Amino acid sequence: WAALIGDPQHPLQDRVSLSKFAPGSVFKVVMAIAALEEGVATPARIDHCNGSYRFGERTFQCWGIRKGGHGAIGMRDAIIHSCNVYFYRLGNDLGIERIAKWSHLLGFGQPTGIDLPHEEGGTVPDPEWKRRAVPRDPAWHPGETISVSIGQGALEVTPLQMAMFAATIGS
C-alpha cells in the first residue's frame, strides 16, 4: 500500500477527472466553432498550407503528412486532415480572448459539475491567466495564441471535459 501511495506516477489517481492534458488536434473543432460563431470565418474559408506558417521570427510547422503542405484547404478539410497551418491562421484571426471565451462556453477551464468528490478544471490560457500564473513573464505573446490554436501551449483539459465536449457536439 505504501508503495502505491508513494508511487510518483500516481497509479491510484482518477485520471478521467484529475489529470490534465493538452487536447491536441481535437481542439481544432473548438476553434472552428469559435470562428463560425464570431463571424471570423465561414465554412467556405480557404487558406493555403505550404507546410509551415511564419509568424514574427518563428516558423510553425504543419504536422507534415504531405511534403509541401495541404495546399488550398477549406475548414471541413482542415479539420479532417488536421491542418495546423489553417488553424494557426484562424487562431491569429480570432485572438486569444475569443478563443478563451468559446473554450469556457464549451465547458473547458472549469469543473464539469458532475457529482464527483474531486475534479480539476483544466487551464484555458489568456492574458489574465498568464499574469497570475507566470509572474516572471506576465505579458501574453502573440505566438502563444498560435500554439493554443492547435490544442497545445498552456491549454490543459481533462478526459472528462473532452467526453462532455464530444457529447455536446454529438447531440
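The values are calculated or read from the model by the stated rules, or taken from the named source; none is laboratory data. Quick caveat: nothing in here was measured; it's all calculated off a predicted structure. Because the Cβ atoms are built from the backbone with ideal geometry, glycine has one as well, and the counts that use them run over all protein chains shown. Keep in mind that these areas ignore ligands, DNA and RNA; they rest on the heavy atoms of the full protein, side chains included. Shrake-Rupley method; radii C 1.70, N 1.55, O 1.52, S 1.80 Å.
For region 26-122, count all C-alpha to C-alpha pairs, find those more than 15 Å apart, and express that count as a whole percent of the total.
Tail of P(r) above 15 Å: 63 percent of Cα pairs.
For the charge dipole of region 38-124, defined by +1 on Lys and Arg C-beta atoms and -1 on Asp and Glu C-beta atoms about the Cα centroid, which residue among Gln61, Ala41, Trp102 has the Cα displaced farthest towards the positive pole?
Of the candidates, Gln61 comes out farthest on the positive side.
What is the dipole size for region 71-171, taken about its Cα centre, with +1 at each Lys and Arg Cβ and -1 at each Asp and Glu Cβ, in debye to the nearest 20?
Magnitude of the dipole: close to 260 debye.
Counting pairs of Cα atoms in region 90-171, how many percent are more than 20 Å apart?
35 percent
Packing-wise, with mean Cβ within 10 Å as the measure, how do 12-21, 157-166 rank, highest first?
So the peptides 12-21, 157-166, ranked by packing, come out 157-166, 12-21.
Show Thr112, Thr42 ordered by accessible area, largest first, where the area counts protein heavy atoms only and the probe is 1.4 Å.
Descending order: Thr42, Thr112.
Is the shape of the chain best called rounded, prolate or oblate, per the rule: a/c under 1.5 gives rounded, else a/b larger than b/c gives prolate, else oblate, with a ≥ b ≥ c the square roots of the Cα gyration tensor eigenvalues?
prolate
At most 11 other Cβ atoms within 10 Å and a DSSP loop assignment: could you name the trypsin sites (Lys or Arg not before Pro) in region 57-152 that fit?
Sites meeting the loop and neighbour criteria: Lys67, Arg136.
Compute the Rg to Rh ratio over region 1-71 from the alpha carbon atoms, using the Kirkwood formula for Rh, and round to two decimal places.
Checking Rg against Rh, the ratio lands at 1.21.
Phe60's amide H: which non-local residues (gap 5+, or another chain) put their own amide H closer than 5 Å, with H modeled 1.01 Å from N in plane and none for Pro or chain starts?
Tyr53, Arg54, Phe55
Taking the Cα centre of the chain as origin, work out the dipole magnitude from +1 charges on Lys and Arg Cβ and -1 charges on Asp and Glu Cβ, in debye rounded to 20.
In total the dipole reaches around 580 debye.
Which value, in Å², gives the accessible area per residue of the chain when a 1.4 Å probe is used on the protein heavy atoms?
Using a 1.4 Å probe on heavy atoms only, each residue of the chain averages 55 Å².
Loop-only GluC sites (Glu not before Pro) in region 1-63, please: DSSP not H, G, I, E or B, and at most 12 other Cβ atoms within 10 Å.
Glu57
Which order do the peptides 139-145, 115-121 take when ranked by the mean count of other beta-carbon atoms within 10 Å per residue, highest first?
Ranking the peptides 139-145, 115-121 by packing returns 139-145, 115-121.
Can you give me the % of accessible surface on the chain that is carbon or sulfur? Probe 1.4 Å, all protein chains present, nothing else counted.
After summing per-atom areas, the C and S share lands at 56 percent.
Enumerate the amide H contacts of Thr123 below 5 Å, restricted to partners 5 or more residues apart or on another chain; note that Pro and chain-start residues carry no placed amide H.
For Thr123, whose amide H was placed from the backbone, the distant partners under 5 Å are Gly109, Glu156, Val157.
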